Amino acid sequence: MPSPSTIAAFAAASFILLIIPGPAVLYIVNRSVSDGREAGLAAVAGLTLGNLVHAVAAAVGLSAVLATSAAAFNTVKWLGAGYLVYVGVRTLLQPPTEIDPTQPGVSPVKSFRQGIVVNVLNPKVALFFLSFLPQFIQPELGRPGLQALVLGLVFVLIGACTDGTYSLLASALRDVLLRGRALPFVRRWVAGAVFIGLGVVAATASASSARKS
């Protein structure tokens, strides 16, 4: 099991990442604005299930990697840190897409199914778990797969809360979201800076671990 301090640090970092609007949040906002609160919350449920699939897959995968080689595990950590920086730079360079409330309406059931597909088939979600989770795994505590699963579930639960909040706010503030420009600004500049910062922190942590081993 991860230590309480590790869980707290992971939860704090996950919360920061999850409140930054990304593809999943954009989908939630679109559904909530276009089709109402019920469809928006159904989308949240689908996205949460998709996150759970990736969390379980990451736990199994990281456990297998560490069982094979500690060097391979460290390689995954370094690649993950580099990926976070790459995502941050790419986010800064690409203008975000606008909210499109004119998409055809969908039922809550279809919104739920689409939410699952959006996350399960999104390679960025899988890469996020493989780049973010390893930074908080402590091999010396044993059972890395269980550690990864616990942390993954923490991420899923926090994501369900933040996504649900976005859905409730989007459905209540429809007119404001359509007129405002704050969401595109946050999605580009704030999100890009946060990803780069996390990548640098992850790389520093990986380097410190390597010097101690």
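The values are calculated or read from the model by the stated rules, or taken from the named source; none is laboratory data. Because the structure is predicted, anything quoted here is derived from the model rather than measured. Ideal geometry is used to build each Cβ from the backbone, glycine not excepted, and the neighbour counts take in all protein chains shown.
Details
- Close Cβ contacts (under 9 Å, 6 or more residues apart or on different chains) running from residues in the stretch 5-29 that are among the basic types (K, R) and modelled with pLDDT under 80 to residues that are surrounded by 17 or more Cβ atoms within 10 Å (Cβ to Cβ) and part of a helix (DSSP H, G or I) are absent.
- Candidates L84, L52, L79 - the one that is modelled with pLDDT of 80 or more and within 22 Å of L151 (Cα to Cα): L52
- Among the residues examined, V109 does not qualify as at pLDDT below 80 and over 20 Å from the mean Cα position of the chain (by Cα).
- Residue within the stretch 32-40 that is at pLDDT below 80 and among the charged types (D, E, K, R) present: yes
- Test result for T68, modelled with pLDDT of 80 or more and either farther than 13 Å from F129 by Cβ or buried (at least 16 other Cβ atoms within 10 Å of the Cβ) (or both): no
- Only one entry in F136, F129 is modelled with pLDDT of 75 or more and either under 12 Å from the mean Cα position of the chain (by Cα) or over 20 Å from I19 (Cβ atoms) (or both), namely F129.
- Residue selected from the stretch 87-106 under the condition more than 30 Å from R143 (Cβ to Cβ) and assigned to a helix (DSSP H, G or I), by the criterion modelled with the lowest pLDDT: T91
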